[in-house]
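*Asks:* Below is the structure I would like to discuss, written out as structure tokens.
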Amino acid sequence: MTDQFPILIIIIPLLFAVITPLLGLWRENLCYPWVILSLALCMLCSIFVLGRVIDTGVIHYYLGGWAPPWGIELVIDHLNALMLVIISTTALLVAVYSKRSLEQELDSSIVYFYTIFLLQVTGFLGIVITGDMFNLYVFLEITALTGYALIAVGEDGAPFASFRYIIMGTVGACFYLLGVGYLYIATGSLNIADLSRLLPELYGSKVILVAFAFFFVGIAIKMALFPLHVWLPDAYTKAPSAASALIAPLMTKIAVYVMLRIMFTVFKPSLSIDMLPVTDIMIWLGIAAIVAGAVMALAQTDFKRMFCYIVVAEIGYMVGGTGIANSVAIKGVILHILNDAIMTLGMFVVAGIVYYQTKGHNLTDFKDLFKKMPYTMAAFVVIALSIIGVPPTCGFFSKWYLIQGAIIADCWAFVAALLLSSLINIILFFRIFEIGYGFSETHGHGNGHEEVLISEAPMSMLIPTIITALGIMLIGIYNQPIVNNIIQFAVPKL
Amino acid sequence: MLDFIIGKYNYWIYIILMMIGFYAMIGKRNLVKKIIGMTIFQTSIILFFVSTAYKKGGATLPIIEHAHGHGEHVGHAIEASSYINPLPHVLMLTAIVVMVATLGVALAIVIKIYRRYNTLEEDEILKAIK
């Protein structure tokens with residue numbers, strides 16, 4: 001039974017997604033516990049698989065018993081075992097959180113939302129778990145299609161944002177597919193392990209270089225790397241709170257995972273680092289993304305949009321760190337995938353709560369919220385400190401590794417960009433804190449003792465938020481065990 | 001030069017089609033024209049995959065010889081250049097399904113946009129959103 005856990009991780013959300021609409025026909029209010037049940041099972045399987053990988057090493061699962069390279073293979077090593085846990089935990093937290101905000105925001109039935117929600121989680125898990133290039137493309141498209149649908153049900157203007165995302169996303173996915181095609185012409189194989197064995201003989205070939213270029217551009221569109229990020233802010237701002245809380249932390253991080261996989265597993269680091277100038281390009285793209293994301297975030301008056309630009313900047317950290325390509329920086333990148341997933345989740349979860357309570361997502365809507373929602377805002381302070389990078393929280397440690405890696409590689413421009421973006425993050429979040437405490441207001445008319453009633457967010461929204469904040473603290477405190485037991489083995493041999 | 005163009009005409013056709021589709025996706029202001037461009041773009045990739053599977057003259061069947069045992073022969077049992085490969089066709093069946101699904105989602109969203117703004121021109125929609 002436990003041998004089947006790798007496939008169950010995908011099968012559970014997929015089957016539950018198919019049954020959800022039927023269940024919804026019978027009893028609509030059963031859908032919510034149903035989704036939570038499926039994601040909880042999925043999370044238990046992922047945690048079990050992670051433990052198994054830590055104990056015994058890489059797990060290979062042959063679908064239908066067909067050995068690779070003919071059959072499709074699921075390969076789980078330390079990197080994607082960690083990703084599986086991140087994805088299933090985030091999805092579970094968002095599912096718990098989603099109920100009240102969906103009741104308020106959706107005018108149609110929640111049954112279909114939950115169906116697509118589970119399908120999206122299936123796609124995320126599938127991208128990460130598979131060991132086959134074409135299979136990865138199919139899961140990438142499942143994720144993208146469900147993402148378009150989830151975004152399109154949002155507020156006014158969401159369908160148009162979603163349409164732009166479709167156009168960009170399709171170009172990205174098609175480029176990826178072309179890359180797969182070129183590799184297939186050259187090697188006759190689609191299996192990642194097989195490809196990494198066959199490819200080194202062909203590294204001089206132009207076909208392989210074209211394939212690499214197509215992969216890189218395709219994935220860069222999917223992860224919203226700076227010049228190609230234009231679809232992201234609109235789409236994530238207009239999406240329903242629950243959808244943006246699911247998609248924003250995961251989609252971009254999974255694209256970073258795919259990039260790491262292609263650069264260091266499909267192609268050997270010897271091609272990606274020594275033979276192509278791609279790492280230099282990545283460092284500069286990363287710097288551009290960090291600076292542009294931070295500056296654009298500073299210009300926003302809409303806090304959800306501001307968070308979107310922070311995501312763009314965070315992508316810059318990870319791409320730049322991968323470009324530095326020494327083992328310390330890659331360690332930082334992988335740790336930052338974990339940290340950024342949970343921090344972005346935190347940001348969008350709080351954004352959803354504020355939207356739920358105030359019906360707006362302008363910065364001024366934070367006014368007096370420290371008095372009205374003390375617990376939510378306490379969690380928000382932890383999340384904000386983590387994004388800024390203050391020591392006990394997890395954000396500090398991945399930035400530390402990234403900066404250390406950059407110093408070893410003498411990339412001072414990247415260090416400067418990282419520190420600049422941290423400083424801008426301080427401005428961004430302390431501006432919100434100032435509005436939240438209403439300093440300027442009480443100063444104005446001396447009798448600043450208006451009674452503000454506490455109206456905390458509903459429990460189903462508050463608990464995931466507090467768990468996220470606690471998670472940020474715990475990952476920060478226990479970062480060493482995580483790095484030593486998991487991430488150290490996930491770093492490719494450079 | 002002429003040999004280069006004629007000998008690899010299938011790639012030229014796929015690149016030209018792809019660029020037509022790409023132009024329509026980026027250059028056209030009408031949403032339905034963008035979707036048409038997207039479909040041309042995806043179709044060109046299908047054409048590319050299927051045409052790569054074809055071999056002129058001397059092609060054999062894709063039967064793997066001496067592969068009864070598992071493992072040892074895996075690497076060189078498949079000689080990708082000597083047979084008409086059925087696998088790209090199968091892959092493209094999946095890609096066609098993906099393409100149709102994308103088209104469906106895109107059209108559904110366009111209908112939603114049309115109901116809301118009563119137009120499909122990008123400029124007018126942007127003006128209405130502002």
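The values are calculated or read from the model by the stated rules, or taken from the named source; none is laboratory data. Keep in mind that what you see is a predicted model, and the values were worked out from it rather than measured. Every residue, glycine among them, receives a Cβ derived from its backbone with ideal geometry; neighbour counts consider all protein chains shown. When the accessible area is computed, the model is the full protein with side chains, heavy atoms only, and any ligands, DNA or RNA have been set aside. Shrake-Rupley method; radii C 1.70, N 1.55, O 1.52, S 1.80 Å.
*Asks:* Please give the calculated 222 nm ellipticity per residue for chain A, where each DSSP H segment of at least 4 residues contributes -39500 (n - 2.57) and the sum is spread over every residue; nearest 500 deg cm²/dmol?
*Replies:* Counting only the DSSP helices, I get -25000 deg cm²/dmol.
*Asks:* Additional query: Keeping all protein chains in the complex and leaving out DNA, RNA and ligands, what accessible area do you get for A:HIS229 with a 1.4 Å probe, in Å² to the nearest 10?
*Replies:* Per-residue accessible area (A:HIS229): approximately 10 Å².
*Asks:* Give the relative contact order (percent, whole number) for the stretch A:35-171; include only Cα pairs under 8 Å separated by 6+ residues.
*Replies:* 21 percent
*Asks:* Rolling a 1.4 angstrom probe over the protein heavy atoms, how many square angstrom per residue are accessible across chain A?
*Replies:* 34 Å²
*Asks:* With r as the distance between the Cβ atoms of A:ILE463 and A:ASP368 and R0 = 22 Å, compute the FRET efficiency 1/(1 + (r/R0)^6) and round to 0.05.
*Replies:* Here the calculated transfer efficiency is 0.45.
*Asks:* Let me ask another. Where nothing but the Cβ of Lys and Arg (+1) and of Asp and Glu (-1) is charged, how large is the charge dipole of chain A around its Cα centre, in debye to the nearest 20?
*Replies:* 360 debye
*Asks:* Another question, then. Which whole-number percent gives the relative contact order of the stretch A:254-323, counting Cα pairs below 8 Å spaced six or more residues apart?
*Replies:* Once divided by the residue count of the stretch A:254-323, the mean separation gives 39 percent.
*Asks:* Out of the total accessible area of the protein assembly as shown (probe 1.4 Å, heavy atoms of protein only), what percent is carbon and sulfur?
*Replies:* The computed percentage sits at 68.
*Asks:* Also: Between chains A and B, what is the buried accessible area summed over both chains (1.4 Å probe, protein heavy atoms, nearest 100 Å²)?
*Replies:* 3400 Å²
*Asks:* How are the alpha carbon pair distances in the protein assembly as shown distributed across 20 Å bins from zero to the largest one, expressed in percent?
*Replies:* 19, 54, 24, 2, 0
*Asks:* Shifting gears a bit: Please compute the average number of Cβ atoms from other chains found within 10 Å of each residue's Cβ in peptide B:107-113.
*Replies:* The shielding value for this peptide is 5.
*Asks:* In the neighborhood of A:ILE424, defined by Cβ-to-Cβ distances under 13 Å, what is the net charge if each Lys or Arg adds +1 and each Asp or Glu adds -1?
*Replies:* With Lys, Arg at +1 and Asp, Glu at -1, the neighbours total 0.
*Asks:* Would you please name the trypsin sites (Lys or Arg not before Pro) within the stretch A:14-112 that are DSSP coil residues with at most 14 other C-beta atoms within 10 Å of their C-beta?
*Replies:* Passing sites in the stretch A:14-112 are A:ARG27.
*Asks:* Compute the acute angle (0 to 90°) between the alpha-carbon long axis of helix A:5-26 and the principal axis of greatest extent of the alpha-carbon atoms of chain A; round to the nearest 10°.
*Replies:* 50 degrees
*Asks:* Same structure again: Looking at chain A, identify the longest residue range that excludes and avoids all GluC sites (Glu not before Pro) in DSSP loops having at most 11 other Cβ atoms within 10 Å.
*Replies:* A:1-449
*Asks:* Pick out, in residue order, every one of the chymotrypsin sites (Phe, Trp or Tyr not before Pro) in the stretch A:32-100 that is DSSP loop and has at most 11 other C-beta atoms within 10 Å; say none if there are none.
*Replies:* The qualifying sites are A:TRP66.
*Asks:* Please list A:ASP132, A:ASP410 from largest to smallest accessible area, probe radius 1.4 Å, with all protein chains kept in place.
*Replies:* Largest accessible area first, the list is A:ASP410, A:ASP132.
*Asks:* So, one more: Hey, got the dipole for the stretch A:121-272? About the Cα centre, +1 on K and R Cβ, -1 on D and E Cβ, debye to the nearest 20?
*Replies:* That gives a dipole near 300 debye.
*Asks:* A further question on this structure: For B:LYS34, give me every one of the lysines with a C-alpha distance below 30 angstrom, ignoring sequence neighbours fewer than eight places off in its own chain.
*Replies:* The qualifying lysines are A:LYS222, A:LYS238, A:LYS253, A:LYS304, B:LYS8, B:LYS112, B:LYS127, B:LYS130.
*Asks:* When only Cα pairs under 8 Å and 6 or more residues apart are kept, what is the percent relative contact order across the stretch A:279-376?
*Replies:* Value for the stretch A:279-376: 29 percent.
*Asks:* Which residues in the stretch A:163-191 have a backbone N closer than 12 Å to a point placed 7 Å from the Cα of B:LYS33 along the Cα-to-Cβ line?
*Replies:* It comes to no residues whatsoever.
*Asks:* May I ask for the Rg/Rh ratio of the stretch A:280-419, computed from Cα atoms with Rh as the Kirkwood radius, given to two decimals?
*Replies:* Across the stretch A:280-419, the Cα-based Rg/Rh ratio is 1.02.
*Asks:* Enumerate by residue number the chymotrypsin sites (Phe, Trp or Tyr not before Pro) in the stretch B:1-60 meeting two conditions: DSSP loop (anything except H, G, I, E, B), and at most 11 other Cβ atoms within 10 Å of the site's Cβ.
*Replies:* B:TYR54
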